[in-house]
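**Student:** Please read through the structure below; I'll follow up with questions.
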Amino acid sequence: MAPDSEFANASFGKPDFDVVVVGSGFAGLYLLHKLRELGFSAKALEAAGDVGGTWYWNRYPGARCDIMSIDYSYSFDPDLETEWQWSEKYATQPEILRYLQHVAAKHDLRRDIAFETRVESATWDKDSSRWLIRTNRGAEITCRYYVMAAGCLSKPKEPEIEGCDCFRGEVYYTSRWPHRGVDFTAKRVAVIGTGSSGIQSIPLIAAQAKQLTVFQRTPNFSIPARNGPIPTHRLADYEGDRAGYRERARWSRFGVPIELAEIGAMQVSEEERRARYEAVWEAGELVGIGLAFNDIILNPKSNETLCEFIRGKIRTIVTNPETAEALCPTDHYVATKRACLDTNYYETFNLDHVRLVDLRKTPLARITETGIDTTSESFEFDAIVYATGFDAMTGPIVAVNITGRNGVTLRNKWADGPLSYLGLMTTGFPNFFAVTGPGSPSVLSNMTVSIEQHVDWICNCLKDLRDENLEVIEPTATAEAGWVQHVNDCANITLFPTANSWYMGANVPGKPRVFLPYIGGTDAYRTACNEVVARGYLGFVRSGSGQRRVNDGVIRRLQPDVQMLLEAMSALNLPPLEEMSPEAARAFSSELSAVRPPGPEVGEIVDGVLPGAGGDLDYRLYRPATAGPHRVVVYFHGGGWVLGSHDSDDPFCRDLCVRSNAVFVSVNYRHAPEHCFPAAAEDAFAAVRWIADHLETLGGVPGPLVVCGWSAGGNLAAVVCQMARAADGPAICGQVLVTPVTDCDFLRPSYNENGADYVLTKSLMNWFWDHYADPANRTDPKASPLRANDLSGLPRALVVTAEFDPLRDEGAAYAEAMASAGVEVKHLPCRGQIHTSLTAVDMILSGAGARAEISAAIRQFFHQVEDLVMRNN
Ligand code: FAD
Ligand code: NAP
C-alpha cells in the first residue's frame, strides 16, 4: 500500500498530532471526542474498515452483550441516553454496532480516523520527546502522546491445532466473522470452543445446520440470559434518575449498580442458599452470580455450592446423562473463568442433529482435508467454526513493536507478564498510555464504565500536563512495582488464580501465567486513580520546559482486604476505646466480636478452670479433629491487658488448632486496672505450669509446650518464657509472639508512622499501659521483656510483626535481640497488615498465609522435640 499522503511530513517541525490513538471501538471513539473537546489534536488509527471494535469484528450468529444494554453504553453524553433506545435487555451485535456508528456520526468522529490502518511499531524518541508511529500503510506519524485503545479482546488466538490449513471446506472464526453473513442450511458444521462465543453461537448454528458437532475441551458455567425487554424495575431505576444511576455504576464493584450481598454462602441455611441461587438463575444477569453471596469468589466451599447448583440445572435440562455430565464443569470454580449467558445452550444438546464431542475423553488429533480427527473417530464437515478465543489483554498491545527508553521493547519488558502502574502506563515508556490495560479492572467490569474512567483519567492528565507547562509523564519503578504487587495481592485472596483461564494467560501456549486484570473492584480502583492525582500525581515523574517533578511513592501499601476493613470501620465512625471506661470498652469489644465469622470447626472444645496466681482462671481447650493425643500450645489473648478473653480470640485459636494439629489451651488471666502488673504475667506463668503438669489429663502428649500469644498476649508469652528460664521449668520448646508488646518505649519510628490510622493507635496503647503498669514498673522485663539483661537460653521463637502496626519495631527489636543472644529466631514481617488483621480469621483473607506460617512454626517446634527424643533413644 502507498504511504498515506496526510502523514508525509511526519518527521519535521511540531509533532503531527498531540495524540495518536489506536482503535476506534468504545474506547477510541470516546478518546477522540474527549481529546477534541479539550483542544488536543488527535488521530485514531484503526485496522478495521469502520468504527465499532469488538462489535465490528465479532458478527457471529447470537453475538450480544452480556452486561445489560442500558449499562453497557456510554454515559458521557446525556442526550445520547434519551435519543437512543435499546430494544432488548441484551442488545445484539448489529444493534451495538449501529449505536457506535451513531455516536461516531453524531460527534463527527470518522474524519479523524484512518481506517484499514494497522499500527505496526511505535518508537520513543527521547530527544524530541515524541513517539514515532509506523503503520502497515508505510506511514510515519509523530505524536507527543501515544494511547492504545486497542481492546482487551481484539487479537484472536491462533488455533494451535495440527492441520488447520488443510481443511478444504468453509472456515470461520467467531472473532472475524464475514460481513456478508453465513448460511449453514443443509451443512454439516463443526464448532470448536465452548467459551462465551461458542455458547452464544451454537444454538443459532444448530437451528440452521443439518448436523452440528460441538468439540468441547473444557465445559463452562452458563446461566440463561432470559433476554427480552429490559426488566421494568431496572428501567424504572435508570429512567428515574439517569445521572444518579450512572454515578452509582461508577462507584460499584463491577460497574453495574446492583446491591452487593452482605452475607457469605455458608452463613445461611441450605434452603436460603438454594432460594438465592434460583433467583440468580431466574434473573439472568452475569454480575448476579458473583454477588449472590459476598464470598463466592473467595471461599471454595461457598463457590462449590453454586457450582453444584448450576450442575444440577444442567443435569435437569440435558436429557442424555452422559452429555449432561460432559457439560458439567468440574475443573474450575464458577466465575473464575468468565461465566456465560446463553439462550437455549444446554437445550440445544437435546436436538437429534447436535452432538457433543468431549475432547477430554477423546482429544482432538488434527484437522484433515475433509474434517476433524479425534483420537478415536474421524468426522467429515462442510464448515468448521473456530470459537477459540483471544490472546487477551496483553496480546493486542505487544502485537505492536513498542520501543521505549534506551531501546527497550515492551515485548521484552513484559516477557514474564505485564508490569504497569494502574494498568495505564508502564515505566520506561514515557507518554504511552493503555486504555483498560493489564492491571486495571477492564474485563472484570462493565467495560464501558471502565473505558470512560480511563479515558477521563488520561485526558485530564494530559490537560494537567499542558496547564502546568509539562510535556512528559512516566511512572516511577517504585510506583509500578507497588501497583503490580497490589494487583497480585488482590488476586491472591480470591479463587481466580486457581483457574486455567484467559485472565491468567492460560489459554495461549507459552504465555506467562499471571493474573492480568485488577479484581479489587471498579470502585476501589477509581478511588486509587483519583488519589494518585489528588496527591500530585503520586508515583510519576513529570517533566518539560526545564522542569522535572519527581513524586515517587506507592499508592496502595495495605493488603486490599485490610484497606476495605479500615474503610468500613471509618464509615462506622466508631468511638475510640480509650475514651471509654474499661467496662464499657470490654462490652463494646465483645459486641464487635459477636458479629465476626466464627472460624473453622475443631474436633472438640472444652471450657475449664485452672488455678492462677491469684485465684481460678477460665480456660478454653481446642482439640483437633484428628486422632490424639496431640502436642499442646498455651495461648494468651490480646487486648492490652485490659480487654479480651478466650471468646475474643476464639476464631484465631480454632484456626491455629486446625492448621497446626495441636491442642490449644487459651487461658484467661486477670485484667487491669482491677489487677495491675504483674498479675497478668504471674497468672500466665501459673497457667503454663499447671498445664505442663496436667498434659495427660488434658489429652495432650507429655513433653515440652509451645506458648503463643497475640499483642498483650504475645507480651505474656515472651514473659512466661523468661520466667520459665529463671525457674528452670516448665519445659517450653517454642514461643510464638504475634505482633507482641515487648517494650514500653513509644519512640521507635513505627509509633510515629502507624500511631494514628490503623486501629491500634498510640493513644490506645497509652491507655493500655496506663491501666496496666505504673511508669516505674514498665521497664521491668516482666512488663517489657525487651529490657531483660540477658535473652540467651530462651526457647526457639517465631516473632510476627505487621507493617502498619505501632508495635512493629519493638517486635522486630525483640526478634533481633533474641537472635543476638543466640536464640534460634525467625522473624515474619507481614507486608500490608495491621496490628489486628492477622487474627481476623475469615475476614482478612490475606492474613491466612501468616497463620499458615505460624502453624508451620508450631509443628516445627514440636518436630524438633520429637527428633531429639528419637535421637536420644
Ligand atoms: P475494541 O472494541 O476491541 O476495539 C479495539 C480496536 O482496536 C479494534 O477495532 C481493533 O481493530 C483496533 N486495533 C487493535 N490493534 C490495532 C493496531 N495495532 N492497529 C490498528 N488498530 C488496532 N464487555 C462488556 O463489558 N460487556 C459485554 O457484554 C461484552 N461483550 C463482548 C462480546 C464479545 C464477543 C467480545 C469479544 C467482547 C465483549 N466484551 C464485553 C469486551 C469488549 O471487548 C469491550 O466491552 C469493548 O467493546 C472494548 O472496547 P475497546 O474500544 O476498548 O476495544
Ligand atoms: P474463550 O472464552 O477463551 O473460549 C475459547 C474456547 O475455545 C474454550 O472453550 C477453549 O477451551 C476452546 N479452545 C481454544 N483453543 C482450543 C484448541 N486448540 N482445541 C480445542 N478447544 C480450544 O473465548 P471466547 O468464547 O471468544 O470468549 C472470550 C471472552 O470474550 C469472553 O470470556 C467474554 O469476556 C468475551 N465475550 C463475551 C460475550 C458475551 O456474551 N457478551 C460473547 C463472546 C465473548 P479451553 O477452555 O479448554 O481452553
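**Student:** Could you tell me whether S450 is crowded, with 20+ Cβ neighbours inside 10 Å and in contact with a Leu (Cβ under 8 Å, 6 or more places away or on another chain)?
**Tutor:** no
**Student:** Also: Filter the stretch 258-283 for residues that are part of a loop (DSSP other than H, G, I, E, B), more than 24 Å from G847 (Cβ to Cβ) and at pLDDT below 95 and give the result.
**Tutor:** Scanning the stretch 258-283 gives I258, E259, V268.
**Student:** State which residue pairs qualify: first residue touching a residue at least 40 places away in the same chain (Cβ under 8 Å) and aromatic (F, W, Y) and inside the stretch 33-54, second residue open to solvent by less than 10 Å² (accessible area, probe 1.4 Å) and away from ligand 2 (no atom under 16 Å from the Cβ) in any location, beta carbons under 9 Å apart, and separation of 6 or more residues or different chains.
**Tutor:** Pairs that qualify, where the first residue is touching a residue at least 40 places away in the same chain (Cβ under 8 Å) and aromatic (F, W, Y) and the partner is open to solvent by less than 10 Å² (accessible area, probe 1.4 Å) and away from ligand 2 (no atom under 16 Å from the Cβ), are F40/V19; F40/C459; F40/L462.
**Student:** Taking P219 as the residue in question, decide whether it is surrounded by 20 or more Cβ atoms within 10 Å (Cβ to Cβ), within 10 Å of ligand 2 (Cβ to nearest atom) and in contact (Cβ under 8 Å) with a residue 24 or more places away in the chain.
**Tutor:** In short, yes.
**Student:** Right, another one. Checking T368 against (1) within 18 Å of P203 (Cβ to Cβ); (2) open to solvent by 10 Å² or more (accessible area, probe 1.4 Å), which test does it fail?
**Tutor:** For T368, the failing item is (1).
**Student:** Looking at the stretch 486-512, which of the residues that are more than 13 Å from the chain's Cα centre (by Cα) and without any contact (Cβ under 8 Å) to a residue 24 or more places away in the chain is surrounded by the most Cβ atoms within 10 Å (Cβ to Cβ)?
**Tutor:** The extreme case among them is A506.
**Student:** Do the conditions hold for T185, that is, is it open to solvent by 10 Å² or more (accessible area, probe 1.4 Å), away from ligand 1 (no atom under 16 Å from the Cβ), of a type in the set (V, I, T) and within 20 Å of I70 (Cα to Cα)?
**Tutor:** For T185, the condition - open to solvent by 10 Å² or more (accessible area, probe 1.4 Å), away from ligand 1 (no atom under 16 Å from the Cβ), of a type in the set (V, I, T) and within 20 Å of I70 (Cα to Cα) - is not met.
**Student:** Now a separate question. Condition (residue is within 33 Å of the chain's Cα centre (by Cα), surrounded by 14 or more Cβ atoms within 10 Å (Cβ to Cβ) and within 16 Å of ligand 2 (Cβ to nearest atom)) applied to the stretch 127-147: is it met by at least one residue?
**Tutor:** Among the residues of the stretch 127-147, not one is within 33 Å of the chain's Cα centre (by Cα), surrounded by 14 or more Cβ atoms within 10 Å (Cβ to Cβ) and within 16 Å of ligand 2 (Cβ to nearest atom), which makes the answer no.
**Student:** Here's something else I'd like to know. Mind listing whichever residues of the stretch 258-286 are buried (at least 22 other Cβ atoms within 10 Å of the Cβ) and in contact with a Phe, Trp or Tyr (Cβ under 6 Å, 6 or more places away or on another chain)?
**Tutor:** Selection gives A265, Y277.
**Student:** Quick one: which residue in T409, T426 is free of Cβ contacts under 8 Å to residues at least 60 places away in the same chain, more than 13 Å from ligand 1 (Cβ to nearest atom) and open to solvent by less than 10 Å² (accessible area, probe 1.4 Å)?
**Tutor:** Among T409, T426, only T426 is free of Cβ contacts under 8 Å to residues at least 60 places away in the same chain, more than 13 Å from ligand 1 (Cβ to nearest atom) and open to solvent by less than 10 Å² (accessible area, probe 1.4 Å).
**Student:** While we're here: Report whether or not K155 is within 16 Å of ligand 2 (Cβ to nearest atom) and under 17 Å from A27 (Cα atoms).
**Tutor:** yes
**Student:** Is it the case that D108 is farther than 30 Å from Y245 by Cβ and of a type in the set (D, E, K, R)?
**Tutor:** No, not satisfied.
**Student:** Return the pair list, or none, for Cβ contacts closer than 7 Å from residues in the stretch 188-216 that are under 13 Å from N344 (Cα atoms) to residues that are open to solvent by less than 20 Å² (accessible area, probe 1.4 Å) and acidic (D, E), at least 6 apart or on different chains.
**Tutor:** I199/D342; Q200/D342
**Student:** Can you name the residue in the stretch 41-50 that is more than 8 Å from ligand 1 (Cβ to nearest atom) and crowded, with 20+ Cβ neighbours inside 10 Å and is also nearest to C461 (Cα to Cα) among such residues?
**Tutor:** Residue satisfying both the conditions and the ranking: A42.
**Student:** Let me ask you something else. Considering only the stretch 73-100, state which residues are open to solvent by less than 10 Å² (accessible area, probe 1.4 Å), assigned to a helix (DSSP H, G or I) and within 22 Å of W457 (Cα to Cα).
**Tutor:** Scanning the stretch 73-100 gives L80, L100.
**Student:** I'd like the full set of residues that are within 30 Å of D331 (Cα to Cα) and open to solvent by less than 50 Å² (accessible area, probe 1.4 Å), limited to the stretch 228-257.
**Tutor:** S252, F254, G255, V256 - these are the residues of the stretch 228-257 that are within 30 Å of D331 (Cα to Cα) and open to solvent by less than 50 Å² (accessible area, probe 1.4 Å).
**Student:** I'd like to check something: does the stretch 193-202 contain any residue that is more than 23 Å from W55 (Cα to Cα), open to solvent by less than 50 Å² (accessible area, probe 1.4 Å) and assigned to a loop (DSSP other than H, G, I, E, B)?
**Tutor:** Within the stretch 193-202, none of the residues are more than 23 Å from W55 (Cα to Cα), open to solvent by less than 50 Å² (accessible area, probe 1.4 Å) and assigned to a loop (DSSP other than H, G, I, E, B).
**Student:** Sticking with this structure for a sec: Does S121 satisfy the condition of being surrounded by 14 or more Cβ atoms within 10 Å (Cβ to Cβ), at positive phi and away from ligand 2 (no atom under 16 Å from the Cβ)?
**Tutor:** no
**Student:** If you don't mind, another one. Taking the condition of being in contact with a Cys (Cβ under 9 Å, 6 or more places away or on another chain), closer than 22 Å to P430 by Cα and aliphatic (A, V, I, L, M), how many residues in the stretch 503-553 meet it?
**Tutor:** Selection size over the stretch 503-553: 2.
**Student:** Checking the conditions here, which among T403, T375 is within 16 Å of ligand 2 (Cβ to nearest atom), polar (S, T, N, Q) and either under 22 Å from L31 (Cβ atoms) or open to solvent by 20 Å² or more (accessible area, probe 1.4 Å) (or both)?
**Tutor:** Testing whether each residue is within 16 Å of ligand 2 (Cβ to nearest atom), polar (S, T, N, Q) and either under 22 Å from L31 (Cβ atoms) or open to solvent by 20 Å² or more (accessible area, probe 1.4 Å) (or both) leaves just T375.
**Student:** Related question: Among the residues in the stretch 34-54, are any within 16 Å of ligand 2 (Cβ to nearest atom) and either under 26 Å from S543 (Cα atoms) or not in a loop (DSSP other than H, G, I, E, B) (or both)?
**Tutor:** Looking through the stretch 34-54, at least one residue is within 16 Å of ligand 2 (Cβ to nearest atom) and either under 26 Å from S543 (Cα atoms) or not in a loop (DSSP other than H, G, I, E, B) (or both).
The values are calculated or read from the model by the stated rules, or taken from the named source; none is laboratory data. Given the structure is predicted, the values throughout are model-derived calculations rather than measurements. Every residue, glycine among them, receives a Cβ derived from its backbone with ideal geometry; neighbour counts consider all protein chains shown. Only protein heavy atoms, including side chains, enter the accessible area calculation; ligands, DNA and RNA are left aside. Shrake-Rupley method; radii C 1.70, N 1.55, O 1.52, S 1.80 Å.
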